[in-house]
Structures are given as C-alpha cells and as structure tokens.
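Peer 1: Quick one: the structure is below, and I'll ask about it shortly.
The values are calculated or read from the model by the stated rules, or taken from the named source; none is laboratory data. Quick caveat, the model's predicted, so the values are computed rather than measured. Positions of Cβ are generated from backbone atoms using ideal geometry, with glycine treated the same way; all protein chains shown enter the neighbour counts.
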Amino acid sequence: MPADLVLTNGSVFTADPLRGPATTVAVAAGRVLAVGADDVRELAGPRTEVIDLAGRLLLPGFQDAHVHAVLGGTELNQCDLTGTTDLEEYLRRVRDYADAHPGLEWISGGGWAMEVFPGGVPGRELLDRVVPDRPVYLINRDHHGAWVNSRALQLAGIDAGTPDPADGRIDRRLDGTPAGGLQEGAMQLVARLLPGTTPAERLAGLLRAQTLLHSLGVTAWQDAMLCAANGYPDVADAYLEAATTGQLTATVVGALWWDRDRGAEQIPELLAKRERHTVGRLRADSVKLMLDGVAENFTAAMTQTYRDSCGCATANAGLSFIDPDALRGFVTSLDAHGFQVHFHALGDRAVREALDAVAAARAANGFRDTRPHLAHLQVVHPDDIPRFRALGATANLQAFWASHEPQMDELTIPFLTPELAARQYPFGDLWRAGVHLAAGSDWPVTTPDPLQAIHVAVNRAHHGSGYDAFLPGQELDLATALTAYTAGSAFVNRLDDTGSIRPGFRADLVVLDRDLFAAPAAAIGDASVAMTFVDGRRVYTA
C-alpha cells in the first residue's frame, strides 16, 4: 500500500517507550503506516507527498488536557488586556475599545494581572476615568476575579451593606464600600447582568480558537467547562454545531460541569448531556468538579491557614466549594456510570479531598477504566503524592505556572506558610513517584502554547524572564515533558489511538522548526510549530 504522505530526514519523537530512534514516518488513510528510517521511504509512490524534515523534530500532536477553547476564542474578540502589566496601557485599551464600540451596553473582556494593583485589588475609580457612563466588567487573567467600575456596581445594587456570598468576596475599602474587585462567587453578582454571547459568537469563538490551537500544534483537547452552571457561560452549543456540521477538525472531550449548588439529582441530566454531546469529533464523558479557588485571592483550599500582609496567621484556609463528605458519594456515583472525573484542585486540602473521593469510588466500584485526573496541583502535601499512582489518578499539570513572577513572588509566597510555599508544583516528585502525568494550558488563563509550558516544565522559569529557577529539583526532563503533553494527555482523553507515533495510530502529527533535543534546554521556548496534521491532513503551515 503506497503512502499518502512520507515525512523523512528528521528526528522523530514517537512518545512510544518500546521504539528506538527513527527518522521517517509514512502515513496512509489518515493513520501511521510505518515508522523507521530509509526503509520507510520505500513506501512512497508516484502520488505520495514527501516532506523533507531537514533535521527538524517530528512528534505526536499536542493534546491540551485542560483548556477553555470557546471562552478563549470569544475573549479574543472582546476588550483584551493580555500581554502587558502596564496600568496605563490597560486604561488606554479599555478607552479605545469603548470608543470603538459605542453601541455596546456593557464593556467586557479581561486578561489583567493582579500584580498591577496594590494587594491585587483593582480600583473602580480607575475605570470610571475612562468609561464613566457604561458598566465595565473585566475578568482577570486567572478568571477567578473581576474588575468593575462604579456603574456596574450600581446596576448590581452592590454597596457597603451587601454581604459577601458564601463562595466569594467583595473587595472593600476600610469603610466597607466596594473597591472595584470581585472574587470567585462574588463575580456573579455583576456577571448575571451581562448580555450573553449569541450562538453565532460562540461558534466563531470556537473556530477562532481552533485555528490558534492548530497553529500551536494542538490536535485534540479537553474543554474543562461544558454545559456550565454557577454563573459560568455555557458553550456546549458551539461544540455541538461544529461537530455536527464537520467544522470541528480537532478531537474534543467535553468535561460536563458539576453544579456545586446541587447534588446527585443532577446525574440523570449529565447522562442525557453525555449522549447528546457525543457526536462526530466530540465526546462528553468527563465531569468537571471545581473543588476550590486560587491562592492569590486566598480561596484555594489549604491544609494550613493563609498569612496576612504582616506575616501573621489568619483564620482562613480557603474554600471547599463542594462538601468533602458529599463529594465522595458524588464521585462514586459518577464513576459507576462510567464518567471520568476531572477535578479543579489547586490547594493541598482540595487535592486530598479529590483523592479521598477517588479512593471512595475505587473501594465501592473497583478499579474501573475511568481515568480520573486532578488539574492545577499548585500545592500537594507530600503524603498525598504516592496516592496518585496507588489510586490510578493522573496529575494534570499546568506547567507554565511553575515559575517566579510578580504574582507568585508578591501575591502568593508571602501569604503561604513556608511549608505550603515549598510544596508548589511538585512535578519532579510526582514523576519520581511513578505518577501518570498529563498537561494542559488552562487558556485563556495563560498562554495556550505547549512549547512555552514545556520550557517551564524543564527550566522552572518562563522563557527569557531572567528569573532563577522556581523550586529547582521539581523540573522534568524534555522527553518526560513532551510525553505528558502528548501520550499523557491522550491517555486522559481516552484517545487510545493517538498521542504516540506508531503503526495503526491516527496521524496527528506536529513538525517543529528545529530539533529540541539538539539545542540547550534554555532555548526550548525559541521553538515554534512549522506544520500540524490531523488524521494525516495538514491543518496548519507556518
């Protein structure tokens, strides 16, 4: 059988531990036909496309195990504050966006960094200066807080007498008046008033995101928020439309959102949603459970209490959004129905609560092939690291976060005990314990570029940042980091004929502009994607 495509004269990273070095890959009918060297080139026929890799690296398509693609693509079309930490630049962009969209009832968007503001709390008066007459709602880059102006607070009826919701906080001045920042559940006090996006806007956002992700070598992903609740937007219709009409070229697993304000009565609804949203290249057999918040606003659930700005202990150890006792029953039921559970677990108490729930499911149901995974893992208690492997739970790493930067050095480390601060992003400890590793970006929280995340996983510093390595000893080697972003995430996504380059597997492939193994580790972030293939069909060329 002659090949449709032959890629040769390169360095092939197969992510297959049973295969040695290779230089050539042949593809036929959308699948890998052969992997090897000069002998594979003999499979080329008169109509075969032959690509000379010229020494570049060929690897399996990246798979993002935790991303919000529709949200990211939609936000690209809103007021975009990403890519800068300059306050005046923020205000200029907000003013320019408002001027360019005079008919919009609300000015919305986001991407601002907490480090720009004293204590991470933005002021409403700053936005009042540039947009005094319309409400403004801007999500920060981690999507766990919002910056609003006085008009938005007024419309929402938020004043000094408004109580904090159970799952959030209104940032306040000393006299109790709202400062302009809303954390976690408090965001919904204003967000509920925003005009929703239209189905056409959500579909356009998905397709915009798909183009971007393909350009970064991503061929499949797990969207961590399908059929959302608790004030988050529902983007499922965009996926359903794209999958039904053939516009979805990536393979997508949708993680159905667990409504934390409800209980097990929602499981029959999740079963119906799983059936409805499994079509074409879309499958929805994962359930996302958000267990806690983030460390920067003191809502990540920790085993020790946060410190205040003076370094003294507080009474706050973060929030558990789902009661841990109830969580064990929920996860046991979901596992019994064949759902994968996908946890947002950022603090070490949340990680423990997630593992306890998986343990309960394993005890009740046995070891079913449901492949639970825990995302984020900013702080992990040493006692819990070996439990991942014992329970068959995957560590889903957002490696780009494991670096010194102002948000880490000024808004996180000073407010954690030394023990908690030393346990952050323990990738090396997890790998040495034999834990299965997957990887994702959480875009639009941070960059969707796998190469930038892999750079941090190996170097424990952002490319070109100039910072020292963050907690050295927790880095991964290049092959391990690449495997997490390919075969590791493919395992989590239950796409068992992807993630590796081996005969019979789908030809989801990425060509980089260089061989990462032939360059210093400090130069990983210089690399870029030259070509991306899905099922042997080229979906991106630089």
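Peer 1: Output the number of residues of the range 20-41 satisfying the condition of being within 19 Å of residue 536 (Cβ to Cβ) and either assigned to a loop (DSSP other than H, G, I, E, B) or among the hydroxyl-bearing types (Ser, Thr, Tyr) (or both).
Peer 2: Matching residues across the range 20-41 total 4.
Peer 1: So which pairs qualify, if the first residue must be in the range 19-38 and surrounded by 19 or more Cβ atoms within 10 Å (Cβ to Cβ), the second must be among the charged types (D, E, K, R) and assigned to a strand (DSSP E or B), the Cβ gap must be under 7 Å, and the two must be at least 6 apart or on different chains?
Peer 2: What qualifies is 27/4; 28/4.
Peer 1: To continue, here is another question. So residue 301 clears everything in (1) under 24 Å from the mean Cα position of the chain (by Cα); (2) touching a residue at least 60 places away in the same chain (Cβ under 8 Å); (3) closer than 29 Å to residue 491 by Cβ except one condition, right? Which one?
Peer 2: (2)
Peer 1: Another question, if that's okay. I'd like to know if the range 340-363 contains one or more residues that are over 30 Å from residue 448 (Cβ atoms) and among the acidic types (Asp, Glu). First the steps, then the outcome.
Peer 2: Taking the range 340-363 first, the residues over 30 Å from residue 448 (Cβ atoms) are 356, 359-363.
Still in the list and also among the acidic types (Asp, Glu): 356.
Looking for residues that are over 30 Å from residue 448 (Cβ atoms) and among the acidic types (Asp, Glu), one finds at least one in the range 340-363, hence yes.
Peer 1: In addition: Which residues, taken from the range 322-373, are of a type in the set (S, T, N, Q), touching a residue at least 40 places away in the same chain (Cβ under 8 Å) and in a helix (DSSP H, G or I)?
Peer 2: Passing the criteria: only 333.
Peer 1: In the range 68-106, which residues are farther than 30 Å from residue 398 by Cβ and touching a residue at least 40 places away in the same chain (Cβ under 8 Å)?
Peer 2: 105
Peer 1: Here's another thing I want to ask about it. When you scan the range 225-256, how many residues do you find that are polar (S, T, N, Q), over 16 Å from residue 66 (Cα atoms) and modelled with pLDDT of 95 or more?
Peer 2: 4
Peer 1: Quick one: count up the residues across the range 509-518 that are of a type outside the set (Lys, Arg) and either touching a Gly at 6+ places or on another chain (Cβ under 9 Å) or modelled with pLDDT under 95 (or both). Break it down into steps so the answer makes sense when it comes.
Peer 2: Residues of the range 509-518 that are of a type outside the set (Lys, Arg), as a first pass: 509-513, 515-518.
Going one step further and asking which of them are either touching a Gly at 6+ places or on another chain (Cβ under 9 Å) or modelled with pLDDT under 95 (or both), we end up with 509-512, 515, 518.
The total comes to 6.
Peer 1: Looking only at the range 6-14, decide whether some residue is in a strand (DSSP E or B), in contact (Cβ under 8 Å) with a residue 12 or more places away in the chain and farther than 17 Å from residue 503 by Cβ.
Peer 2: yes
Peer 1: Please report, ordered by residue number, the helices (runs of 4 or more DSSP H) entirely within the range 77-195 with at least 3 residues that are in contact with a Cys (Cβ under 8 Å, 6 or more places away or on another chain) and crowded, with 16+ Cβ neighbours inside 10 Å.
Peer 2: 87-100
Peer 1: Report yes if some residue within the range 384-402 is over 22 Å from residue 480 (Cβ atoms) and not hydroxyl-bearing (Ser, Thr, Tyr); otherwise report no.
Peer 2: no
Peer 1: Follow-up. Among the residues of the range 451-490 satisfying the criterion of being within 19 Å of residue 68 (Cα to Cα) and either free of Cβ contacts under 8 Å to residues at least 24 places away in the same chain or among the polar types (S, T, N, Q) (or both), which is surrounded by the most Cβ atoms within 10 Å (Cβ to Cβ)?
Peer 2: Residue satisfying both the conditions and the ranking: 489.
Peer 1: Then there is this: Could you please find all residues in the range 79-138 being among the basic types (Lys, Arg) and within 24 Å of residue 172 (Cβ to Cβ)?
Peer 2: Listed by number, the residues that qualify are 124, 129, 134.
Let's see how each residue does on (1) in the same structural domain as residue 298 (by TED's automatic domain parsing); (2) among the charged types (D, E, K, R); (3) more than 22 Å from the chain's Cα centre (by Cα):
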position	(1), (2), (3)
140	no, no, no
143	no, no, no
169	no, yes, yes
210	yes, no, no
218	yes, no, no
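Peer 1: Name the pairs: first residue in the range 170-182 and on the phi > 0 side of the Ramachandran plot, second residue assigned to a loop (DSSP other than H, G, I, E, B) and of a type in the set (S, T, N, Q), Cβ to Cβ under 9 Å, at least 6 apart or on different chains?
Peer 2: Between residues of the range 170-182 that are on the phi > 0 side of the Ramachandran plot and residues that are assigned to a loop (DSSP other than H, G, I, E, B) and of a type in the set (S, T, N, Q), the close pairs are 180/149.
Peer 1: Within the range 374-395, does at least one residue satisfy the condition of being among the polar types (S, T, N, Q), part of a strand (DSSP E or B) and either surrounded by 24 or more Cβ atoms within 10 Å (Cβ to Cβ) or out of contact with any Cys (no Cβ under 9 Å at 6 or more places or on another chain) (or both)?
Peer 2: Yes.
Here is a yes/no grid of residues against (1) touching a helix residue (DSSP H, G or I) at 6+ places or on another chain (Cβ under 7 Å); (2) over 18 Å from residue 439 (Cα atoms):
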position	(1), (2)
216	yes, no
226	yes, yes
231	yes, yes
235	yes, yes
239	yes, yes
245	no, yes
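Peer 1: Looking at the range 509-526, is at least one residue among the acidic types (Asp, Glu) and part of a helix (DSSP H, G or I)?
Peer 2: yes
Peer 1: Filter the range 42-66 down to the residues that are part of a strand (DSSP E or B) and of a type in the set (D, E, K, R), then identify the one that is surrounded by the most Cβ atoms within 10 Å (Cβ to Cβ). Don't jump to the end; show me each part of the working.
Peer 2: From the range 42-66, those part of a strand (DSSP E or B) are 44-52, 57-60, 62-66; that's our starting set.
When the remaining residues are screened for being of a type in the set (D, E, K, R), the result is 47, 49, 52, 64.
Working: 47: 8, 49: 13, 52: 11, 64: 31.
Within the range 42-66, the match that is surrounded by the most Cβ atoms within 10 Å (Cβ to Cβ) is 64.
Peer 1: Tally up the residues in the range 460-490 that are polar (S, T, N, Q) and farther than 21 Å from residue 217 by Cα, please.
Peer 2: Total satisfying the criteria: 2.
Peer 1: Across the range 417-450, what is the total count of residues that are over 21 Å from residue 394 (Cβ atoms), surrounded by fewer than 23 Cβ atoms within 10 Å (Cβ to Cβ) and in contact (Cβ under 8 Å) with a residue 24 or more places away in the chain? Let's see the steps before the verdict.
Peer 2: From the range 417-450, those over 21 Å from residue 394 (Cβ atoms) are 417-422, 444, 447, 449; that's our starting set.
So of that shortlist, the ones also surrounded by fewer than 23 Cβ atoms within 10 Å (Cβ to Cβ) come out as 417-419, 421-422, 447.
Remaining after also requiring in contact (Cβ under 8 Å) with a residue 24 or more places away in the chain: 417, 419, 422, 447.
Count: 4.
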